[in-house]
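**Student:** There's a structure below that I have some questions on.
The values are calculated or read from the model by the stated rules, or taken from the named source; none is laboratory data. If you're wondering where the values come from, they're calculated on a predicted model, not measured in any experiment. Glycine gets a Cβ as well: all are built from the backbone with ideal geometry, and neighbour counts include every protein chain shown. Accessible surface areas use protein heavy atoms only, side chains included; no ligands, DNA or RNA. Shrake-Rupley method; radii C 1.70, N 1.55, O 1.52, S 1.80 Å.
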Amino acid sequence: MKKYACLICDYVYDPALGDPDNGIEPGTAFEDLPDDWICPDCGVGTDEFEAMAD
């Protein structure tokens, strides 16, 4: 699964880690994040994220 970087603050969403502090289990693909999930560092939505190169 690809990692995604926030274009605003450079937070990296790693599907292997998830976002357990915000209820996202490890193994959750970026595409499967809930619509209301926001960047834990700066608060923007998933539309402000970009897939990282492998």
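**Student:** Put +1 on the Cβ of each Lys and Arg and -1 on the Cβ of each Asp and Glu in the chain; which of G43, G23, A5 then has its Cα farthest toward the positive end of the dipole?
**Tutor:** A5
**Student:** Measure of size requested: the Rg and Dmax of the chain, with Cα atoms as the atom set and Å as the unit; please supply both.
**Tutor:** Every Cα atom of the chain included, Rg and Dmax give 9.9, 26 Å.
**Student:** A further question follows. Can you give me the accessible area per residue for the chain, using a 1.4 Å probe, in Å²? Each step should come with its number before you reach the end.
**Tutor:** Values: 3570 Å² over 54 residues.
Value returned for the chain: 66 Å² of accessible area per residue.
**Student:** Considering only protein heavy atoms and a probe of 1.4 Å, how much of the accessible area of the chain is carbon and sulfur, as a whole percent?
**Tutor:** On the way: 1660 of 3570 Å².
Of the solvent-accessible surface of the chain, carbon and sulfur hold 47 percent.
**Student:** What size of dipole, in debye to the nearest 20, comes out for the chain about its Cα centre when the only charges are +1 on Lys and Arg C-beta atoms and -1 on Asp and Glu C-beta atoms? All intermediate terms of the calculation are to be shown ahead of the outcome.
**Tutor:** On the way: 2 positive and 14 negative charges, 31 e Å.
The calculated dipole for the chain is roughly 140 debye.
**Student:** With a cut-off of 8 Å between alpha carbons and a minimum separation of six or more residues, what is the relative contact order of the chain in percent? Show your work: numbers first, answer last.
**Tutor:** Values: 80 pairs, mean separation 21.7, N = 54.
Over the chain, the number comes to 40 percent.
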